[in-house]
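The values are calculated or read from the model by the stated rules, or taken from the named source; none is laboratory data. All values reported here derive from a predicted model rather than from experimental measurement. Ideal geometry is used to build each Cβ from the backbone, glycine not excepted, and the neighbour counts take in all protein chains shown.
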Amino acid sequence: MAEFLDTFDVERTQLLAALAQVEDVWGRFQQRRGLELHGAERSDSLIAGELSLVRRDLESTEFTVGIFGLIKRGKSTLLNGLIGREVSSMHVTPETAVPVYVSYGDAPEAVVHFADGSQKHVAVEEVHQFTSQKANANNQLGVTYVEQQVPVGFLRNGTRLIDTPGLDDAEADETYTERTLQELDIVDAGIVLFMSPPTVSGTELGFLEQVVGRDLKKTFLVCNMYPQHFHDPETRNAVLEYVGNRIVEASRKMGRGGEVRVYPVCALEAWEARQTDDIDKWKRSGADRLLRDVENYLSNVAGQQVLHDAADRITKVTEMAKAEVRVRQQLLGDPAQLETFRSQLDANIADLEGRFDESVSLALTDVAPLKMRIRGLVLQPFTRAKKELAAMETLEQVEAFSSRFKRQLEVAGELASRQFSEGFAHLVERLQAQLSSQFEEVMTDLAPNLPKVQLSANALLVTPDQMQALQRSQQQTRVRSRTGALAGGLAGGGATLAAGTMMLGPVGLVGGALVGWKLHSIVAGQRNLERARRTIIERLDEVADELLRDVDGQVTSAVDTVRTAVERRRRAFASDLYQQFEVVQEISQDPGRLEAYRRDAERFDQAFGACGQRARKVLAPAAESRETVTV
């Protein structure tokens, strides 16, 4: 079988080549204008910083495929069949709720992440000791998630699997279902597995009906069947018709349009086929079609979005570079006016500083109410929990409460993270638009008739130091997915800035792990109901305080990061322009050098224009020849 996402990888390689051309031209322009930074790995200029970020985002792009469903539905069998290898760590019990992330690695290895921020490298065969209910009852070890790497071609080009905990008929409730559906929201593609015949349970059917209220385009509904039913056309068609009708009906009630597809698959035969390299059996199992459609969706929809975003950013960088060249041409064209231009620049920079400060202060006033709303979301489960504890009459009820509360806290924490991410993203986008407009005004005043200059949020708000921190955070924490989105914070150690947005760390996962970790021993060791109740309330207050301190710290860090980054970028912009004046002033005394630099500026203007055209054209041939996938 060809490696997964080969087409996307080819197009990404071509776009990286176009990016390399821009980097090369910009490097030569730096040298010619006398602004090379000796001994520095990265320039602090806006353009160099943005080029580095585009490269990082393209090279580190991952597509996350989540597997969802109730237990005992063949989820692990299907997973093993899809990747062609048995991954023991994917046998996760429903009570533990510890996600397992599987990505490519040259050799099998696993890392267990804990609520206290520590990590432990373990053999793949030992992972079940941290993820199974039998070995880690009520998550007493405080595990937040597990990362596993395996040498499988299916994962080589940036695909990552998330094995989500199964929903159990006896344990499933609204909170747990919402917890699972939130995972479905953040993956790039979701495979939702159910089994029939003998029947689709009420819990399972209700879950499937809720799934269609999400994004159907990226959802693949899979009906797993035993071989005798899968190869009986009458039985198979009857099952698909029944389930399909129920899902279509639920979709219409929720106002969702689009095509609802149900894939009949025999996971057992798919796994057997991969073990024996039986291509015909693999195709008959139905897994081949499922895998191809998932790949087509990732390549043609999610992947194309990544590539087009990158091409757009590269094009904007070339426009910014052309703007700097035009300023150079303006100065070289009339060196006698240098002092006039210099005075104008002084006034513009002073005005820019005041407007930047005012814009940042105004934008960040919205952070305070946002933080209060996030704190309220985090505290809601604790308030409800104390009321529930007061009404309990037996130790058995208290023990059941601890498991249920852990799930409730996970949902509330993840909702808080998401709402902060969305709220802060809106704030930064608004700020970025204001600053870009002010930047453009300064450039236009210096050199009329410039091309329109647009700064991306990345170029404006990420410094090289922060970029290195992001790379470390990405290696440490993989709780979120999607192109530029990274998760940091509580488990990763610090706030995160990516694609111009800030997000809290995985509050839900960490909060749930803290509760499971700290309540398990309390409940297990208590014989007196009242004493158990008081001790648990004390521990709940302790966990709540710990989470709120982390939330407050991350919000403060987010605000400080924006202020610092904007100030640093403003100074870098001013420094670049002032050095342009110094270079032109130096060469203006030599007519020969002056004429040579004028010709250079002309060539660089043309070169950056050609770079922008190449970036735009990279994807055009592929887009014209690619087939459209109905979703």
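Observations on the structure shown:
- Residue ID - surrounded by the fewest Cβ atoms within 10 Å (Cβ to Cβ), chosen from residues in the range 574-612 that are modelled with pLDDT of 80 or more, of a type in the set (Gly, Ala, Ser) and under 44 Å from the mean Cα position of the chain (by Cα): Ala610
- Checking every residue in the range 147-157 against the condition of being among the small types (Gly, Ala, Ser), over 23 Å from the mean Cα position of the chain (by Cα) and either modelled with pLDDT under 75 or surrounded by fewer than 17 Cβ atoms within 10 Å (Cβ to Cβ) (or both) gives zero matches.
- Members of the range 125-158 found to be assigned to a helix (DSSP H, G or I), in contact with an Asp or Glu (Cβ under 7 Å, 6 or more places away or on another chain) and free of Cβ contacts under 8 Å to residues at least 60 places away in the same chain, listed by number: none
- In the range 261-293, the qualifying residues are those that are within 19 Å of Val243 (Cα to Cα) and not small (Gly, Ala, Ser), and the one that is surrounded by the most Cβ atoms within 10 Å (Cβ to Cβ) is Cys266.
- Filter result for Leu184 (buried (at least 22 other Cβ atoms within 10 Å of the Cβ), among the aliphatic types (A, V, I, L, M) and modelled with pLDDT of 75 or more): no
- Exclusive hit being within 30 Å of Gln31 (Cβ to Cβ) and either in contact with a Phe, Trp or Tyr (Cβ under 9 Å, 6 or more places away or on another chain) or surrounded by fewer than 17 Cβ atoms within 10 Å (Cβ to Cβ) (or both), set Leu332, Leu298: Leu332
- Note on the range 341-359: residues that are polar (S, T, N, Q) and modelled with pLDDT of 80 or more total 2.
- Any hit, the range 319-334, residues being more than 23 Å from Val211 (Cα to Cα), of a type in the set (Asp, Glu), under 34 Å from the mean Cα position of the chain (by Cα) and not in a strand (DSSP E or B): yes
- Within the range 354-399, the set of residues being within 20 Å of Leu529 (Cβ to Cβ), among the β-branched types (Val, Ile, Thr) and surrounded by 11 or more Cβ atoms within 10 Å (Cβ to Cβ) comprises just one member, Val398.
- Any hit, the range 613-623, residues being at pLDDT 75 or above and farther than 30 Å from Glu295 by Cβ: yes
- Taken across the range 378-398, residues that are in contact with a Ser or Thr (Cβ under 9 Å, 6 or more places away or on another chain), in the same structural domain as Arg534 (by TED's automatic domain parsing) and modelled with pLDDT under 80 do not occur at all.
- Inter-residue pairs, beta-carbon under 9 Å, first at pLDDT below 90 and in the range 254-277, second buried (at least 21 other Cβ atoms within 10 Å of the Cβ) and assigned to a loop (DSSP other than H, G, I, E, B), 6+ apart: Met254/Val212; Arg256/Val212; Val260/Val212
- Residue within the range 364-385 that is outside any helix (DSSP H, G or I) and out of contact with any Phe, Trp or Tyr (no Cβ under 8 Å at 6 or more places or on another chain) present: yes
- Residue that is surrounded by the most Cβ atoms within 10 Å (Cβ to Cβ), among those in the range 207-242 that are more than 22 Å from Asp185 (Cα to Cα) and of a type in the set (Val, Ile, Thr): Val239
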